[in-house]
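Structure first, commentary second.
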Amino acid sequence: AAAAAAATATAAVATDVEWNECDAYTKLMWSQNMTKKFLRKLLALPRALEHFQAHLREHQHPLICALDFLVMSNQISDLEGPKRRARLFECAERYVKTPTTIKVEEVERRIHAEISNALEMLLGEVFPGFIATDWCTRLIQSLRKVEPPIKGAFLTLPKRVSESAELMDAQQRCVESIIEAVSSAETAILVCDRTLPGLPIIAMSSGAELLMGHTRDDAVGYNCRLMQGPQTDPEAVEQLSVAIRKGEGTVVDIANYTTIQKGMRNESGFMNRVTLSSKLRVTPGETELIFAVLRHIPMPMLELRESRSTRLLLDIFESLAIAREEQQVSPALRFLDASAKALAKGQRWLMDAITTLRKGLRMPVIREILLRSVPNELEASPTHRKQMQDVRLMMHSKNTLKSRYDYIVSTCEFWAELEGLKNHAGWEYKTALDGLMKQYITPELGQRRTAILWFALRKTVYDRWAENERDLVEAEEAYTSLGLSHDELPSLLLQHQFAAKEASQAEPDDDRSASAVGGQADEVLSNASMLQHILVRVISLDVLPNFLRSRSYHETLDELQKAKGSQRAMNASLEAELESLKATLPKTSEEWLGVLTWAARHLPNPVCVCDASLPGMPILCVNTAFEVLTGYESAECVGNSCRFLQGDETDVAAKHRLREAIRNQTGCHLTLLNYKKSGESFMNLLSLTPIFDRDDLCRFYVGSLCEVKEHYASMKPQLRHADRLQKMLPTKLAVPSAPNVRQRMLRVRDTVMKNGGKPAYSFSAGASSSHSVSSSKASS
């Protein structure tokens, strides 16, 4: 029955949704009546149940089980006698896990309690999102055809509008219905007409009346400037004005005032967070509305919940639009918008992986099994060895780079050394700490003059994580927990870089390494903590997923279960975390992109990720180090091709090599002249790595940038960071891409690739890389 319902509802998708003057009113009223009683009454209707199930299955939502439970519980109410009793215990056994030995009354009580919980979960996580979809619109139009009409479902025009319906056309009735629906909302909402001079307020909710201190008669017909006062920031007003002119949404914090008394401003103002929707055309005519949600700036603990609530409201408002002015939106931006849920899922998995790895690597048995799960390059098969081919970035006669296996060994040894510090005290502790600094941390920093970005990242990001004494649980909470925004971080980094640069220039110009600067115990431990975070991020990209899919993982579980005493409880917790990680491994290449995006965000080397399935290979994300190096902010890069870094003097031969590598879907390592936002040129050592999905289709390109310096020693740390990231990246993902992306990549493979054959996984020859670096040195 469920499959038939899903098929019926899915068939409805093929038909276009027709505009109805009452749809907007119904959606808005449903959003204001999200109660358990209303939802249960709605789900009792077969048509509503079909559309709701189809919506959940389309998004593969885990709460589909809760909906099935509600369906079964509704069927019980129509039964009597032994059939009812049998159905009760069947429902309890399947969904409530109730023993069969208890009385019928107790079973009913538990089922009713579970019904309440299921309704509450659906109201909080599913129903608001459902209202903002075309599934809801189709359901509303379907329910209007039911005879007799359903009462209490807000399927007809409000009384005030219907009484004077003959005096208005359909567009006017639609707008008047929206005004009526908004007026009863408890959330502070303003609706303005963008097509009228002065952008007047045409509707305001009861919540807005309380927040603003104005009645509808005082505000409707006036511009929102009536809320401004002496302390209102002109820049915030300008930001709102620009967004309204462009028809774009925005969020602005602005000082507003509550009342006007005889033309004199009340001295008591308040900080108002204004969230504007984009311009919405809700009728077939030219009328364009802008919805604004007003809130007091929430406390940090409530900010995430408030922003989600506001976002859901805006999604519902935007679902009312029947036509939008076509805008030239980058395909990359459309992809990121469509894949937002998958990206967020990948980011959350990475946060959980970081927490688990930091616990697991403390245990010798975990480190030993992890090493066994990673193939040694010397023992690997010729095919595997070719895939792990080490492109040596040779400068002079030295090479500081390692193989993938050596990086994993070094990581495990580093963790062992850190754990060994607990067994030392006094001069032994100082000696061990100094050895740790020289062996592991100094190669990551280099000289003080070249470690400016490292120290800036540590001060602005990693030290704050260490102070919290926990990893971030949700990617979207990262900047909230740090007290930073995406826009603030690059500027704050530049401030720290400037201060560190001045401090380094104030000292004699010698070759002292960063160990002389960070010799203090606290400084060493802070650097070690940052290095831990960096290492677990790069390990989570490929080594950890492969480990969770390998036989070595089962050996790990067996070893964890052998522990006794207090250690057994700790192992049980770690085992549960590992099982959770395995169950939530990224299922698509888009989810893996979320892992990569957040893993690279705060790495000390510039990284950019490009979409190989879109024309021009647009940038999907860049990290903070990329922003600092080039001077371009993330918003200026995403959606654009990397060609914006090129200029008139960029070597044509280097650009040709780059195009050939992309056309052949191979990696490349070359140097070319690029330009920063300031116009300053720099020699860029670019390492480009293709990432293929499970179907051998080239999905992403990951680029690591390194500014070529006159002295090789100053480049060693950056080369080390870039090389480690490239070695830790998977050449082939174990997951597929989304169906629409797969079709696009098939077209790319058949038309763009030179020979149309299977992509090669090996990088370009190391000799050419050596030559390119040598020539770039001469050019610089």
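The values are calculated or read from the model by the stated rules, or taken from the named source; none is laboratory data. Quick caveat: nothing in here was measured; it's all calculated off a predicted structure. Quick reminder, even Gly has a Cβ in these numbers, built from the backbone with ideal geometry, and neighbours come from all protein chains shown. When the accessible area is computed, the model is the full protein with side chains, heavy atoms only, and any ligands, DNA or RNA have been set aside. Shrake-Rupley method; radii C 1.70, N 1.55, O 1.52, S 1.80 Å.
A few points about this structure:
- Cα-based shape type of the stretch 115-211, given that a ≥ b ≥ c are square roots of the gyration tensor eigenvalues and the cut on a/c is 1.5: oblate
- Between VAL104 and THR35, full extension at 0.36 nm per residue minus the direct alpha carbon distance yields a gain of 22.0 nm.
- Cβ crowding within 10 Å averaged over residues, with 340-347, 201-208, 639-646 ranked highest first: 201-208, 340-347, 639-646
- Length available on full extension from ASN546 to ASP169: 0.36 nm per residue minus the Cα-Cα distance, which gives 129.4 nm.
- Using every pair of distinct Cα positions in the stretch 517-599, the Kirkwood expression returns a hydrodynamic radius of 15.1 angstrom.
- log10 of Debye I(q)/I(0), alpha-carbon scatterers only, for the stretch 159-220 at 0.15, 0.24 Å⁻¹: -0.48, -1.01
- Take the Cα of SER184, step 7 Å toward its Cβ, do the same at ALA255, and the gap between the two points is 3.9 nm.
- Heavy atoms of LYS430 accessible to a 1.4 Å probe, total area in Å² rounded to 10: 150
- P(r) tail for the stretch 87-149: Cα pairs beyond 20 Å make up 52% of the total.
- What a 1.4 Å probe finds exposed on the stretch 26-101 is 53% carbon and sulfur by accessible area, rounded to a whole percent.
- LYS562-LYS655 pseudo-label distance in nm [points 7 Å out on the Cα-to-Cβ vector]: 6.1
- Pairwise FRET efficiency - GLU209 versus LYS732, Cβ, R0 = 45 Å, nearest 0.05: 0.15
- Cβ-derived FRET efficiency at R0 51 Å, VAL365 paired with PHE682, nearest 0.05: 0.65
- Entries of LYS359/LYS562; LYS582/LYS732; LYS36/LYS83; LYS359/LYS564; LYS359/LYS587 with Cα pairs more than 22 Å apart: LYS36/LYS83; LYS359/LYS587
- FRET efficiency estimate (nearest 0.05) - Cβ-Cβ, ARG160 to ALA569, R0 41 angstrom: 0.05
- Karplus-derived 3J(HN,Hα), 6.51/-1.76/1.60, for each residue of the stretch 360-370, Hz, glycine and proline x: x, 5, 6, 9, x, 5, 5, 4, 5, 5, 4
- For LYS655, the lysines whose Cα comes closer than 22 Å to its Cα, not counting residues fewer than 8 places off in the same chain, are LYS676, LYS677, LYS709, LYS754, LYS777.
- The amide H of ASN272, built 1.01 Å from its N in the peptide plane, has ILE254, ALA255, ASN256 as neighbours under 5 Å, considering only residues 5 or more places off or on other chains.
- In nm, spacing of pseudo-spin labels at CYS65 and ASP315 (7 Å Cα→C-beta vector): 2.2
- The lysines whose alpha-carbon is closer than 26 Å to the alpha-carbon of LYS279, local same-chain residues fewer than 8 away aside, are LYS27, LYS246, LYS341.
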